[in-house]
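Undergrad: I have a structure here, written as structure tokens, and I will follow up with some questions on it.
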Amino acid sequence: MIKFNAEGALGFLPEAPDYKAAEKALRTLKEGTGEGSGFLGWVALPKSYDKEEYARIKKCAARIRDKAEALVVIGIGGSYLGARAVIEAMLSPRYNEIPRKGPKIYFIGNGISGEDLAQVLQLVEGKSVYVNVISKSGTTLEPALAFRIFKQFIEKNFGKEEAKERIVCTTDKARGALKNLADAEGYECFVVPDNIGGRYSVLTPVGLLPIAAAGINIDKLMEGAAKEAEICLKEDGSNPALAYAAVRQAIYKQLGKKVEILSCPSESIRFIAEWWKQLYGESEGKQHLGIFPASCVYTADLHSMGQYIQDGERMLMETFLCFDVPRVKVEVPFWEENGDGLNYTAGKEYRQVYEAAKEGVKQAHIKGGVPCMEISAAKQDEENLGALIYFFEAACGISGYMQGVDPFDQPGVEEYKKNMFALLGKK
Ligand code: PA5
């Protein structure tokens, strides 16, 4: 269960957060009476997902784990961030360097860098390679270009027939260039549901296949999300998603703070923050409104961004993301000579040192005029990550409706594409 604590923020507000408006926004979401109601498939997803397809995901992931030395996951934005976030949070950002069973996993097609692409090609050369290409529209240039290259790579190295075994597509159930290609070539397909937008799709085959192929227990992920859904859909004060939405909107509207920093406790959570940034930025940043989502990894970023947060323009609010129990315990050793003068930390577990740093930072930032919130999960495991994903999705839907925008469209994303296609001479 996810906990939300607003003690470090409420004192800044001239008026109480508008919890009634948050409840109304939640009702709009549940009843499907607001803008973008065609994209609410994620609300009931943790219970109502397609069980037959889910079983197929597990089977395909087991096959990939058994046969592949490298899995290349091709996708961008909502078609990649969620999977990478869960994989890094569960395994480590160094997951390909740490010995473990199953394939190495490379994400590509999330940009237009020839250098990145060439490096992945080099890394997988000579290996048993499988590809999962993920694109709901099937027309996004970045993953489509990467897929063109990896399709050729697979066909050249394994032949066209074996490509049917090695290429798996996650796309629209009936339409789009990727679906047409997959049908023509005989690739296995998984469906991005019509009623779920990219940034809400991590618990669909979009995220679940790569996550399961990494050896992560997706049953537990879904269980965590399902339990949290029960809590986050309640229209009362016990709902932490409702409270988070109400408080961040109050800070934005009453105090004019326009930037929210999600502060994370370790490198392994960096991509949770990247996923969160897309979720909130794409959902709320429209009609010249919206809180700009930013992120820091502490304490590393205190040595780069700490000065600004403490002392720069007062446009910030901050949300600390915490996991109560560390996954790994490391104790600071005693040193007889105390050559570095650090014996005051001897015998302390690393988490104790981090907690002191975090509390110190929070107090300093509050004193410096930054309203601070805290979101915490018990552990960094599948169940809690599933819960955290659902919590953030629900809070985002509520917050978007409180802001008065459609939290489920992204019209602004098309602008750069039009220019890029024109410059590239697309007909
Ligand atoms: O949230 C979104 O809709 C976007 O981030 C998309 O997920 C992203 O642009 C990729 O789109 P597609 O899956 O159609 O290739």
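Undergrad: So what are the radius of gyration and Dmax for the Cα set of the range 75-176, in Å?
TA: 13.8, 40
Undergrad: Could you list log10 I(q)/I(0) for the range 215-367 at q = 0.08, 0.15, 0.16 Å⁻¹, which the Debye formula gives when each Cα is one point scatterer?
TA: Here the Debye-derived log intensity ratios amount to -0.32, -1.00, -1.10.
Undergrad: Of Gly186, Gly197, Gly159, which is the most mobile in a GNM of the chain whose springs link Cα atoms less than 10 angstrom apart?
TA: Highest fluctuation of the listed residues: Gly159.
Undergrad: With a Cα-only, solvent-free Debye model of the chain, what are the log10 I(q)/I(0) values at q = 0.13, 0.14 Å⁻¹?
TA: -1.17, -1.32
Undergrad: Which order do the peptides 340-352, 134-146 take when ranked by the mean count of other beta-carbon atoms within 10 Å per residue, highest first?
TA: On the way: 340-352: 12.8, 134-146: 21.6.
The peptides rank, most packed first, as 134-146, 340-352.
Undergrad: Using a Debye calculation, one point per C-alpha and no hydration shell, please list log10 I(q)/I(0) for the range 262-347 at q = 0.14, 0.21, 0.23, 0.24 Å⁻¹ in order.
TA: Summing over Cα pairs of the range 262-347 leads to -0.68, -1.08, -1.16, -1.19.
Undergrad: Choose one answer from Asp219, Asp172, Asp301: the residue with the largest mean-square fluctuation in a GNM of the chain with alpha-carbon springs under 10 Å.
TA: Comparing Asp219, Asp172, Asp301 in a Gaussian network model of the chain, the most mobile one is Asp301.
Undergrad: Sticking with this structure for a sec: Within the set of other residues whose C-beta is less than 15 Å from the C-beta of Lys418, count the net charge using Lys and Arg as +1 and Asp and Glu as -1. Intermediate values should be presented prior to the final figure.
TA: Values: positive: Lys417, Lys426, Lys427; negative: Glu414, Glu415.
So the surrounding residues net to +1.
Undergrad: Next question. Volume per residue, Å³, of the convex hull around the alpha-carbon atoms of the range 335-427? Could the numbers behind the result be given before it?
TA: Working: hull volume 25.6 nm³, N = 93.
So the per-residue Cα hull volume is 275 Å³.
Undergrad: A follow-up question, please. Counting Lys +1, Arg +1, Asp -1, Glu -1, what net charge surrounds Lys164 among other residues with beta carbon under 14 Å of its beta carbon?
TA: Here the count lands on -2.
Undergrad: Same structure, new question: What is the packing order of peptides 302-315, 381-394, taking the mean over residues of other C-beta atoms within 10 Å and listing the highest first?
TA: Values: 302-315: 12.9, 381-394: 25.3.
Highest mean packing first, the order is 381-394, 302-315.
Undergrad: What whole-number value in Å² describes the accessible area per residue of the range 32-106 for a 1.4 Å probe? All intermediate terms of the calculation are to be shown ahead of the outcome.
TA: Details: 3340 Å² over 75 residues.
Each residue of the range 32-106 exposes 44 Å² on average to a 1.4 Å probe.
Undergrad: Once you keep just the Cα pairs under 8 angstrom separated by 6 or more residues, what percentage relative contact order results for the chain?
TA: On the way: 749 pairs, mean separation 107.3, N = 427.
Across the chain, relative contact order equals 25 percent.
Undergrad: Also, I was wondering about something else. In whole percent, how big is the carbon plus sulfur part of the accessible area of the range 5-105, probe 1.4 Å, protein atoms only? Mind showing how you got there, number by number?
TA: Working: 2610 of 4960 Å².
That fraction is 53 percent.
Undergrad: List every residue whose amide H lies under 5 Å from the amide H of Ala294, counting only residues 5 or more places away in sequence or on a different chain, with H placed 1.01 Å from N in the peptide plane.
TA: Glu260, Ile261, Leu262
Undergrad: Efficiency by 1/(1 + (r/R0)^6): what FRET value for Lys173 and Tyr308, r their Cβ-Cβ distance, R0 = 60 Å, to the nearest 0.05? Let's see the in-between values first.
TA: Values: r = 46 Å, r/R0 = 0.77.
Computed FRET efficiency for Lys173 and Tyr308 comes out at 0.85.
Undergrad: Follow-up question, since we're still on this one. Given a 10 angstrom Cα cut-off, can you work out which residue in Cys169, Cys232, Cys60 is the most mobile in a GNM of the chain?
TA: Cys60
Undergrad: So for Met402, Met222, Met1, what's the accessible-area order with a 1.4 Å probe, most first?
TA: On the way: Met402 30, Met222 5, Met1 130 Å².
The ordering from most to least exposed comes out as Met1, Met402, Met222.
Undergrad: What's the Kirkwood radius of the range 197-276 in Å, using all Cα pairs? Please report the intermediate quantities before stating the final value.
TA: On the way: mean 1/r = 0.0659 Å⁻¹.
Final number for the Kirkwood radius of the range 197-276 is 15.2 Å.
Undergrad: Related question: Could you tell me what fraction of 2.2 N^0.38 Å the Cα radius of gyration of the range 117-217 comes to, as a two-decimal ratio? Before the final figure, lay out the partial values.
TA: Details: Rg = 13.5 Å, N = 101, 2.2 N^0.38 = 12.7 Å.
Rg over 2.2 N^0.38 Å, computed on Cα atoms: 1.06.
Undergrad: Let me ask something else about it. List the trypsin sites (Lys or Arg not before Pro) within the range 14-117 that DSSP assigns to loop and that have no more than 13 neighbouring Cβ atoms inside 10 Å.
TA: Counting only loop positions with at most 13 other Cβ atoms within 10 Å, the trypsin sites (Lys or Arg not before Pro) in the range 14-117 are Arg94, Arg100, Lys101.
Undergrad: Roll a 1.4 angstrom probe over the protein heavy atoms and tell me the percent of accessible area of the range 227-268 that is carbon or sulfur. Don't skip to the answer; put the middle values down first.
TA: Working: 770 of 1350 Å².
Answer for the range 227-268: carbon and sulfur cover 57 percent of the accessible area.
Undergrad: With both bridge residues required to lie in the chain, what share of the DSSP beta bridges run antiparallel, to the nearest 5%? Please report the intermediate quantities before stating the final value.
TA: Details: 4 of 41 bridges.
Expressed as a percentage, antiparallel bridges in the chain total about 10.
Undergrad: If you keep only loop residues by DSSP, which trypsin sites (Lys or Arg not before Pro) in the range 175-222 have at most 14 other Cβ atoms within 10 Å of their Cβ?
TA: Arg175
Undergrad: Let me ask something else. Taking amide H positions as placed in the peptide plane 1.01 Å from N, state which residues far from Cys322 in sequence (5 or more) or on other chains have amide H under 5 Å from it.
TA: Ile375, Ser376, Ala377
Undergrad: Using the Cα centre as the reference, give the magnitude of the dipole from point charges on the C-beta atoms of the chain (Lys, Arg: +1; Asp, Glu: -1; all else neutral), rounded to the nearest 20 debye.
TA: Details: 53 positive and 58 negative charges, 205 e Å.
Here the size comes out at about 980 debye.
Undergrad: If Rh is defined by the Kirkwood formula over all Cα pairs and Rg also comes from Cα, what ratio Rg/Rh do you get for the range 1-108?
TA: Details: Rg = 20.3 Å, Rh = 18.3 Å.
Over the Cα atoms of the range 1-108, Rg/Rh equals 1.11.
Undergrad: Another question about this same structure. Please go through the range 81-172 and write out the GluC sites (Glu not before Pro) that DSSP classes as loop and that have at most 14 other C-beta atoms within 10 Å.
TA: Numbers: sites: Glu88, Glu97, Glu115, Glu125, Glu155, Glu161, Glu162, Glu165; in loops: Glu97, Glu125.
When the GluC sites (Glu not before Pro) of the range 81-172 are filtered for loop state and at most 14 Cβ neighbours within 10 Å, Glu97, Glu125 remain.
Undergrad: Given the peptides 283-296, 200-213, arrange them by the average over their residues of other C-beta atoms within 10 Å, most packed first.
TA: Working: 283-296: 18.0, 200-213: 27.4.
The most tightly packed comes first, giving 200-213, 283-296.
Undergrad: Given the DSSP H assignment, sum -39500 (n - 2.57) over each helix run of at least 4 residues in the chain and divide by its residue total; what's the result at 222 nm in deg cm²/dmol, nearest 500? Don't skip to the answer; put the middle values down first.
TA: On the way: 17 runs with 209 residues, N = 427.
That comes out to -15500 deg cm²/dmol.
The values are calculated or read from the model by the stated rules, or taken from the named source; none is laboratory data. Bear in mind that the values here come from a model prediction, so they are computed numbers and not experimental data. Cβ coordinates were reconstructed from backbone atoms using ideal geometry, including for glycine residues, and neighbour counts include every protein chain displayed. What goes into the accessible areas is simple: the full protein's heavy atoms, side chains included, and nothing from ligands, DNA or RNA. Shrake-Rupley method; radii C 1.70, N 1.55, O 1.52, S 1.80 Å.
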